[in-house]
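Written below as structure tokens is the structure these notes are about.
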Amino acid sequence: MSYLREKTPAPAAVPGQGERVTGSEILLRMLLAEGVDCVFGYPGGAVLYIYDAMHGNPAFRHVLTRHEQGAIHAADGYARSTGKTGVCLATSGPGATNLITGIATAHMDSVPLVVITGNVASNLIGTDSFQEADIVGMTQPITKHSYFVRRVEDLARIIREAFLLAGTGRKGPILIDIPKDVTAAVTEFVYPESIDIPGYEWANPEANPVDETKLDELIDAIASSAKPLLLAGGGVIQADGSGVLLEFIEKTRIPVTTTLMGLGSVPADHDLWLGMPGMHGTYAANRALIECDLLIAVGARFDDRVTMRLDGFAPHARVAHLDIDAAEIGKLVPASLPIVGDARRILERLNAKLPKPFPDQAEWIESLRKRRREFPLRYAPSTEELKPQYVIEMISRTTDGNAIVTTDVGQHQMWAAQFYRFRHPRSLVTSGGLGTMGFGFPSAIGAQIGNPGKTVVSVNGDGGMQMCAQELAICATHNIPVKIAVINNRTLGMIKQWQELIYDGRYSHIDLSGSPDFVKLAEAYGVKGLRAETPSEAQRVWKEALKTPGPVLIDFVVSKNELVFPMVPQGKALQDIILGPEGSCDRWTGN
């Protein structure tokens, strides 16, 4: 099978056909042909020929991060927020191994990346030479596919294959490891007219039609259901399927809950949206999962933070699972209606086949709306003490839910998911599956470069902010106008919460009182720094930050003892939800 993507330039449109050039020049020409407008990277000895070629190419944009992990997280944020494939570049040995956490982050969340590493010269491979590391072997479990380039003549084809693999099917990171001598070798540049990947069925979407019989079965199941529920995950956003999902919701009037990775696929103000489910999900969403008789999961992999204890997840429901990866169907939750395929194409076919009118679910909808009204997300407000939930609500209100919000991992991540009113797909950039601290700030840099006309807000904890704070230098150097909100509670808040609620406070290694003055740290890098300790100060400095044309860091000094509620403790079922702290919202355990 040979498959030529329509969006790829025809060979005649690629300059320099037939010229004898180096492998480094071939690499850059192929990246430009793939529409790459920015590469995030850090140089080293094994990639110097590539950097030399960049220097002579005015069409090529490179952003020098201050750590390789910052580079791959920035490429990741670029990819998630734009829908394009992100690209990063690092040298051999420690440069390549510093990318591993970022590769695993993208792999867990199905993010399309092309990760390019240099390696030592071919004749030194396997000799334990200086800065040699088997990065292909190290990353095989966390990449969709890996290449070790042995011949310069193969490089153009490999680049095309890598972008096809990264951006089709279940998307993910592709590693290309190139020995130094291959980047220096000279050969004739020939743009590959077609690519043939034996056994890769997603190379040609038209060869993977949706099973119409299964769609008819699903429509019949919806028609006979009294309490149907949609669970929309990140696969909907990756497939650019939010529009057809909304059409399906409007036609069927089925209530919907969206996972952390699916937030934004349904606007937060939609009358059928119940919020996020799972460990820190809303009461209405979790009760809907407990009571539904038909669960339609679209582009969701039934992560343990969504299902919690499996025997308490959708116990009365017939499950329809729509996913692009057949390996995910039945892996955790048995599905009586499995449908393999791209989420957008499946929903498009469903919308075309739905009967008119569709059965009314008014009673079921009203029962869920009642629960949403009776048990909303809430916290105890204060006019003196700055609450983290208040900060997120303020950011949401002042950006009208239209900003791109990136987060690190921890309590602030959950507060952002709960209290920011996401209205659009690709507006939340967060590490879901791997839960990578240090991800939030550099991913915001990538998101801002990919979306120069949008407001990008990076929400970070004081712990995660210190893991990639050196990337403040990029914001200052390039005047990247990211607004950096540090939710500073002087502790590892989520660890503290788990210790208090699950482990009876037996451990206490969570104090971050030795953290830097974040305002001075920002100013040291040449970034404007502001601080707020009360609600009124927060409003004033945030307003100032939004008016500032360049980057701004705001140190929001918040309550140290605030916890994230609701919460379903680890090892418990969705029924065992804690709505709030004792004496406030009390505990509720359902049957």
Sequence ranges 95-101, 539-545, ranked by mean other-Cβ count within 10 angstrom, highest first: 95-101, 539-545
Cβ-based net charge around L263, under 11 Å, with every Lys or Arg adding one and every Asp or Glu removing one: +3
In Hz, Karplus ³J(HN,Hα) per residue of segment 522-528 (6.51, -1.76, 1.60; θ = phi - 60°; x = Gly, Pro): 4, 5, 4, 8, x, 10, 5
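Is there a pair in K483/K520; K331/K370; K387/K520; K227/K353; K171/K560; K331/K483 whose C-alpha atoms are over 28 Å apart, and which pairs would that be? Walk me through the numbers before you get to the answer.
Working: K483/K520 16 Å; K331/K370 34 Å; K387/K520 23 Å; K227/K353 21 Å; K171/K560 39 Å; K331/K483 40 Å.
Violating the 28 Å limit, Cα to Cα: K331/K370; K171/K560; K331/K483.
Report the convex hull volume per residue for segment 420-570, counting only C-alpha atoms, in Å³. Working shown, then result.
On the way: hull volume 19.8 nm³, N = 151.
Considering the Cα atoms of segment 420-570, their hull volume per residue is 131 Å³.
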Amide H contacts of I484 (H built 1.01 Å from N, under 5 Å, at least 5 apart or other chain): S458, V552, L553, I554
Sequence ranges 254-266, 358-370, 68-80, 179-191, ranked by mean other-Cβ count within 10 angstrom, highest first: 68-80, 254-266, 179-191, 358-370
Lys/Arg +1, Asp/Glu -1 at C-beta; the chain dipole; positive extreme among A53, A343, I449: I449
Reach of K356 by Cα under 17 Å, taken over aspartates and glutamates that are not fewer than 8 positions away in the same chain: D216, E217, D220, E247, E250, E348
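Test of understanding: ordering F565, F441, F163 by Cβ neighbours within 10 Å, fewest first, what list do you get? Before the final figure, lay out each step's value.
On the way: F565 21, F441 32, F163 25.
So the residues, fewest neighbours to most, are F565, F163, F441.
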Phi-based couplings in Hz for segment 124-141 (Karplus 6.51, -1.76, 1.60; Gly and Pro marked x): 9, 4, x, 9, 6, 6, 4, 6, 9, 8, 7, 5, 5, x, 5, 9, 4, x
Calculated from backbone phi, Karplus (6.51, -1.76, 1.60) coupling profile of segment 565-572 in Hz, x at Gly/Pro: 10, x, 8, 9, x, 3, x, 9
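Rounded to the nearest 20 Debye, what is the dipole magnitude of the chain about its Cα centre when Lys and Arg each give +1 and Asp and Glu each give -1 at the C-beta?
Values: 56 positive and 66 negative charges, 223 e Å.
Once rounded to the nearest 20, the dipole reads 1060 debye.
Values in this text are rule-based calculations from the coordinates and carry no lab data. Everything numeric in this text was worked out from a predicted model, so none of it was measured. Don't worry about glycine lacking a Cβ; one is built from the backbone with ideal geometry, like all the others, and counts go over all protein chains shown.
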